[in-house]
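K.L.:
Right, I'll just put the structure down here and ask away after.
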Amino acid sequence: MIEDDASGDVETSGTFDPAADGIDFYESLEGMRVQLNDAVAVGPRNAFGEIPVVGDDGTGASVRTARGGLVIGPADFNPERVMLDDSLLPTPVVDVGDHFTSAAVGVLDYSFNNFKLNITAPVVAVDGGLAKEATTPAGPKQTAIATLNVPARRRPGLPVAAGQPGRRPGRRRAGREHPCRLLVPHRPRR
């Protein structure tokens with residue numbers, strides 16, 4: 001439960017109840033050096049070096065997906081999830097279901113609507129064995145449909161902003177202006 005006894009402003013209404021409310025629990029630890037035992041990744045490492053995890057190998061976590069993620073519901077925004085953050089030390093590249101060789105230790109912080117554990121000791125990832133999803137190819141008189149999550153791209157011809165990883169300002173990659181191509185070729189009806 002994120003918060004069940006506040007209405008309106010959580011700072012001025014309700015009761016501070018770290019035993020029952022996730023936000024109160026993590027707020028009571030904010031700024032402290034804490035240890036998260038048996039952390040398991042519930043999402044991949046993002047572009048900011050953050051890894052969403054739950055502790056105790058996911059015991060007590062809310063509804064999990066078949067592949068190991070967390071399901072967000074109208075009454076459950078996953079208060080048990082914290083982000084391992086790379087602001088002090090680098091985080092490893094991980095995928096859903098990966099574990100770590102030791103406990104995650106760091107200082108608990110809150111920013112961008114997430115509680116984050118700024119790790120103070122290196123964490124080493126152990127592959128959880130998440131297999132890539134695959135399907136069978138479309139047969140005769142079948143249509144193949146695919147979806148693709150395309151990250152935001154700059155418009156062709158605009159200069160690249162300084163500070164983008166691996167890119168020099170003002171330089172374009174020739175022939176890479178269109179990140180998507182048609183995945184299913186059009187076949188005329190006969």
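The values are calculated or read from the model by the stated rules, or taken from the named source; none is laboratory data. What you see is a predicted model; the values in this text were computed from it and never measured. Using ideal geometry, Cβ is built from the backbone for each residue, glycine included, and neighbour counts are taken over all protein chains shown.
K.L.:
Only one of Gly97, Gly60 is assigned to a loop (DSSP other than H, G, I, E, B), at positive phi and exposed (fewer than 10 other Cβ atoms within 10 Å of the Cβ); which?
P.N.:
Values: Gly97 fails: exposed (fewer than 10 other Cβ atoms within 10 Å of the Cβ).
Checking each option against the conditions leaves just Gly60.
Results for (1) in a loop (DSSP other than H, G, I, E, B); (2) acidic (Asp, Glu); (3) free of Cβ contacts under 8 Å to residues at least 12 places away in the same chain, shown as yes or no for each residue.
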site	(1), (2), (3)
Val105	no, no, no
Tyr110	no, no, no
Phe115	no, no, no
Asn118	no, no, no
Gly128	yes, no, no
Ala131	yes, no, yes
Thr136	yes, no, yes
Gly139	yes, no, yes
Gln142	yes, no, yes
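K.L.:
Next question. Can you report the number of residues in the range 123-156 which are among the β-branched types (Val, Ile, Thr), at pLDDT below 80 and over 26 Å from Pro92 (Cβ atoms)? Walk me through how you get there before you give the answer.
P.N.:
Initially, the range 123-156 is screened for residues among the β-branched types (Val, Ile, Thr), giving 123-124, 126, 135-136, 143, 145, 147, 150.
Then drop every residue that is not at pLDDT below 80, which leaves 147, 150.
Within this subset, residues satisfying the condition of being over 26 Å from Pro92 (Cβ atoms) are 147.
Final tally of qualifying residues: 1.
K.L.:
So which residues in the range 17-47 are without any contact (Cβ under 8 Å) to a residue 60 or more places away in the chain, part of a loop (DSSP other than H, G, I, E, B) and surrounded by 13 or more Cβ atoms within 10 Å (Cβ to Cβ), if there are any at all? So that I can check it myself, show each step before the final result.
P.N.:
Pass one, the range 17-47, residues without any contact (Cβ under 8 Å) to a residue 60 or more places away in the chain: 17-25, 28, 42-47.
With the extra rule that they be part of a loop (DSSP other than H, G, I, E, B), the set shrinks to 17-21, 42-47.
Matches in the range 17-47: Asp17, Pro18, Asp21, Val42, Gly43, Pro44, Arg45.
K.L.:
Could you list, in sequence order, all residues of the range 73-96 that are among the hydroxyl-bearing types (Ser, Thr, Tyr) and more than 13 Å from Pro44 (Cα to Cα)? Show your work before the answer.
P.N.:
Step one: list which residues in the range 73-96 are among the hydroxyl-bearing types (Ser, Thr, Tyr), which gives 87, 91.
Correct list: Ser87 only.
K.L.:
Residue by residue through the range 69-94, note down the ones that are at pLDDT below 90, more than 20 Å from Val126 (Cβ to Cβ) and part of a loop (DSSP other than H, G, I, E, B).
P.N.:
Val71, Ile72, Pro74, Ala75, Phe77, Asn78, Pro79, Glu80
K.L.:
Let me ask something else. Give me the residue from the range 15-50 that is polar (S, T, N, Q) and modelled with pLDDT of 80 or more and, out of that set, nearest to the chain's Cα centre (by Cα). Reasoning before the result, please.
P.N.:
Of the range 15-50, the ones polar (S, T, N, Q) are 15, 28, 35, 37, 46.
Going one step further and asking which of them are modelled with pLDDT of 80 or more, we end up with 28, 35, 37, 46.
Values: Ser28: 24, Gln35: 20, Asn37: 19, Asn46: 6 Å.
Here the answer is Asn46.
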